[in-house]
Amino acid sequence: MKQNLFVYNTLSRTKEEFKALNPPHVGMYVCGPTVYSDAHLGNCRTYISFDLIFRYLTLLGYKVRYVRNITDAGHLEGDADEGEDKISKKAKIAQLEPMEIVQKYTVGFRDVMRILNTLPPSIEPTATGHIIEQIELVKEILAKGYAYEVEGSVYFDVEKYNKTQDYGILNGRHLEDLLNNTRNLGGQDEKHGKLDFALWIKAKPEHLMKWPSPWGLGFPGWHLECSAMSNKYLGEQFDIHGGGIDLMPTHHTNEIAQNVASCGKNPATYWMHTNMLTVNGTKMSKSLGNSFLPEELFTGNNSILNKAYSPMTVRFFMLQTHYRSTLDFSNDAMEASEKGFRRLMTAFELLDGLKASATSEVDIALLQNRCYEAMNDDFNSPVLIAEMFEASRIINSVNDGKTRIDEANLSLLKETMHTFIIDVLGLKDEKAANDELPKVMDFIINLRSEAKTNRDYATSDKIRIGLQEIGFQLKDSKEGTTWNKA
């Protein structure tokens, strides 16, 4: 069943506008992580939300090209294009190459995404892999007269751009308001205006990550990479651009300016932003001591947490709140989500054992239609989950012999539950996965034993170390090899 889809955004707000488009292909660009530290819970909320969108658009039959970048250069520790590159700084402290830092946190990010059952994007480009494209984009903006060079750095001229375009179109703010709320330049005399931002930054001699350019050795400004890579893989104008709401005022505003300045087009038809994550009503912050990592949620190893929560409980918890609403974490909310998720999956497990009757007291087509309506209304996962609980109520009632359901409705109920629980919400039965784990571990241990018997100690060590890296410890004794999960 394919329905017309409506996506909220700040530029086009009517369902009719989207219905008129309804393309068979969808291009979606989501701003990915800056890989200088572990993925935080806010990152996870954003990428789970866009995973939901990716899954649903695919279900509807769209061919989706989902691009999510990796920021591995150009993200400075200070605002207004000041400070040191965060990855370079981390590399100096650890006495490592910057790309070692990048690799470590990129692998960690992907591991967390896999554990939370998000699908990988179609393309995952990196900033350092697209330096040439970024330099070419700077050249285009300079040629159009919307940028200027000062001693090896290139800046975007916001006030000149705003004379013919609306710089604040994304969030509805006027340039005068933005100027009044921006601090003075201070020592940044090389910039012409307070809102001007760097397209290319001249590298200091001690800067680790730098590349040759027409303006000398330097590195790209943070905003530039997304414009260059979205343009390369999705074209000058595509369907959906997303990220966290914190990116709207500056990063996404500057992306629009860069794209319009270079080719005259707003890059995306729809801008979608996930809202912030709070903890007990307070913004999550390291300085407040109320932050924690996804891994700590899974292990319970944080003083804020009463217990550990499974990855699917975390995913379910996040999807119970609409992506545009603030998500507030608390132990009570997590425990309620844990109970709700178990109740939903328990009903799901009963499906295969249900017996059909000659007649039916339920019309599952109506329920299925409401599921599509929920997702078509700006991907409303909380309403979809409510419909899944209504389906669970029907399952339990049929199982208890209180409600009759015929073969056609039972078949449609199974299809609906599988489609929306597994394919769209991306939830999975963790109990079933854990039941299979001993068999898998026994198989791996046997492979390692065969390698040791054949004196292939390199393979034996590779298996042991590989298991250790993903959290499984092997212990050899006279009785054999045992394992446990750290």
Working only with C-alpha atoms, what are the Rg and Dmax values of the chain, expressed in angstrom? 25.7, 82
Taking amide H atoms as placed 1.01 Å from N in the peptide plane, list the residues 5 or more away in sequence, or in a different chain, whose amide H sits under 5 Å from that of THR403. VAL398
So how do HIS223, HIS251, HIS174 line up by other beta-carbon neighbours within 10 Å, fewest first? HIS174, HIS251, HIS223
From the phi angles alone, apply the Karplus equation (6.51, -1.76, 1.60; θ = phi - 60°) to the range 243-255 and give each ³J(HN,Hα) in whole Hz, x where the residue is Gly or Pro. x, x, 5, 5, 7, 4, x, 10, 4, 6, 4, 6, 4
Under 20 Å from the Cα of LYS139, which lysines turn up, not counting those fewer than eight places away in the same chain? LYS160, LYS191, LYS202, LYS210, LYS232, LYS265
Provide the descending list of Cα extents for the range 321-414 along its principal axes, expressed in whole angstroms. 47, 28, 17
What do you get when you divide the Cα radius of gyration of the range 55-130 by 2.2 N^0.38 Å, with N the number of residues? 1.39
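Report relative contact order for the range 278-424 in percent, whole number only (criteria: Cα-Cα under 8 Å, sequence separation at least 6). Walk me through the numbers before you get to the answer.
Values: 143 pairs, mean separation 33.2, N = 147.
It rounds to 23 percent for the range 278-424.
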As computed over the range 382-459, the Cα convex hull volume per residue (Å³): 147 Å³
³J(HN,Hα) computed for each position of the range 367-372 - Karplus, 6.51 cos²θ - 1.76 cosθ + 1.60, integer Hz, glycine/proline x: 5, 4, 5, 5, 5, 5
Karplus (6.51, -1.76, 1.60) ³J(HN,Hα), θ = phi - 60°, over the range 419-430, in Hz, Gly and Pro reported as x: 4, 8, 7, 8, 6, 9, 6, x, 8, 9, 7, 5
Check which residues have an amide H placed less than 5 Å from ASP328's amide H, if you skip close sequence neighbours. THR278
Distant-in-sequence amide H partners of TYR270 (H built 1.01 Å from N, under 5 Å): ILE240, HIS241
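Which loop trypsin sites (Lys or Arg not before Pro) in the range 79-128, with loop taken from DSSP, have no more than 10 other Cβ atoms within 10 angstrom of their Cβ? Before the final figure, lay out each step's value.
Values: sites: LYS86, LYS89, LYS90, LYS92, LYS104, ARG110, ARG114; in loops: none.
Filter output for the range 79-128: empty list.
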Quick check on the exposure proxy: order THR106, THR282, THR416 from fewest to most C-beta atoms within 10 angstrom. THR282, THR106, THR416
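As a footprinting exposure proxy, order CYS44, CYS31, CYS263, CYS226 by other Cβ within 10 Å, with the fewest listed first. Could the numbers behind the result be given before it?
Details: CYS44 24, CYS31 21, CYS263 18, CYS226 28.
In increasing order of surrounding Cβ atoms, one gets CYS263, CYS31, CYS44, CYS226.
FYI, it's all coordinate maths here, none of it is from the lab. Owing to the predicted nature of the structure, the values given are computational and were not obtained by experimental measurement. Methodologically, a virtual Cβ is constructed for each residue, glycine included, from the backbone with ideal geometry; neighbour enumeration extends over all protein chains shown.
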